[in-house]
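The values are calculated or read from the model by the stated rules, or taken from the named source; none is laboratory data. Predicted, not measured: the structure shown is a model, and the values here were computed from it. So basically every Cβ, Gly included, is an ideal-geometry build from the backbone, and we count neighbours across all protein chains shown.
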């Protein structure tokens, strides 16, 4: 998250297909509160323009907050190997490594569990720290050191979430089996620290 002197949260109506959707945008400025408000309005307009410009994306999305940004899940499937996909995702500022892995693995993946190093800042307060552990082969998971690590990690993750649902845009597909699994695994509905 970027640090600003002035922050604002604005609610904006944007057009998606034939419907008006309400979105909230939090943004900041180091100049003034008024500049933060202008920036929020500009971002809302930019989101609307991108959706209109790229109808191939469809109109149904779930937008989540993560510890370092946002995660957007769209209902419409786009083939990650398609050359148009890479170009479109680049225009939408999708993480380059995510683009590369999606294409190489021919699928989309999303982290469902918190990264240990992101949890450590909060856990240090309680004198508990989750170290990363290296697994060289599957048999390492049978060793006592891994079993102990796994138990400690499982206890620690209960207080963390990977994502927090911000908004469903268009027709909500939260009842979809895969999305339900995603949201439950990520602790999306708990008011936990994001990691």
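Data table
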{"quantity": "Condition broken by residue 153, with the remaining ones in (1) closer than 14 Å to residue 116 by Cβ; (2) surrounded by fewer than 16 Cβ atoms within 10 Å (Cβ to Cβ) satisfied", "calculated": "(2)"}
{"quantity": "Odd one out for residue 100, checked against (1) surrounded by 15 or more Cβ atoms within 10 Å (Cβ to Cβ); (2) modelled with pLDDT of 90 or more; (3) more than 16 Å from the chain's Cα centre (by Cα); (4) assigned to a helix (DSSP H, G or I)", "calculated": "(1)"}
{"quantity": "Any hit, segment 103-115, residues being surrounded by 15 or more Cβ atoms within 10 Å (Cβ to Cβ), closer than 22 Å to residue 191 by Cβ and in contact with a strand residue (DSSP E or B) (Cβ under 8 Å, 6 or more places away or on another chain)", "calculated": "yes"}
{"quantity": "Residue list for segment 180-195, restricted to those being more than 13 Å from the chain's Cα centre (by Cα) and either over 15 Å from residue 112 (Cα atoms) or in a loop (DSSP other than H, G, I, E, B) (or both)", "calculated": "189, 190, 191, 192"}
{"quantity": "Filtered residue count, segment 156-179, keeping only those that are part of a helix (DSSP H, G or I), surrounded by 12 or more Cβ atoms within 10 Å (Cβ to Cβ) and either in contact with a helix residue (DSSP H, G or I) (Cβ under 7 Å, 6 or more places away or on another chain) or free of Cβ contacts under 8 Å to residues at least 60 places away in the same chain (or both)", "calculated": "2"}
{"quantity": "Members of segment 1-21 that are under 22 Å from the mean Cα position of the chain (by Cα), surrounded by 11 or more Cβ atoms within 10 Å (Cβ to Cβ) and touching a residue at least 40 places away in the same chain (Cβ under 8 Å)", "calculated": "16, 21"}
{"quantity": "Residue count, segment 22-31 (criterion: surrounded by 15 or more Cβ atoms within 10 Å (Cβ to Cβ) and either touching a residue at least 40 places away in the same chain (Cβ under 8 Å) or out of contact with any helix residue (DSSP H, G or I) (no Cβ under 6 Å at 6 or more places or on another chain) (or both))", "calculated": "1"}
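Conditions tested, residue by residue: (1) closer than 17 Å to residue 12 by Cα; (2) touching a residue at least 24 places away in the same chain (Cβ under 8 Å); (3) outside the structural domain of residue 6 (by TED's automatic domain parsing).
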position: 35; (1), (2), (3): yes, yes, no
position: 38; (1), (2), (3): yes, no, no
position: 60; (1), (2), (3): no, yes, yes
position: 65; (1), (2), (3): no, yes, yes
position: 72; (1), (2), (3): no, no, yes
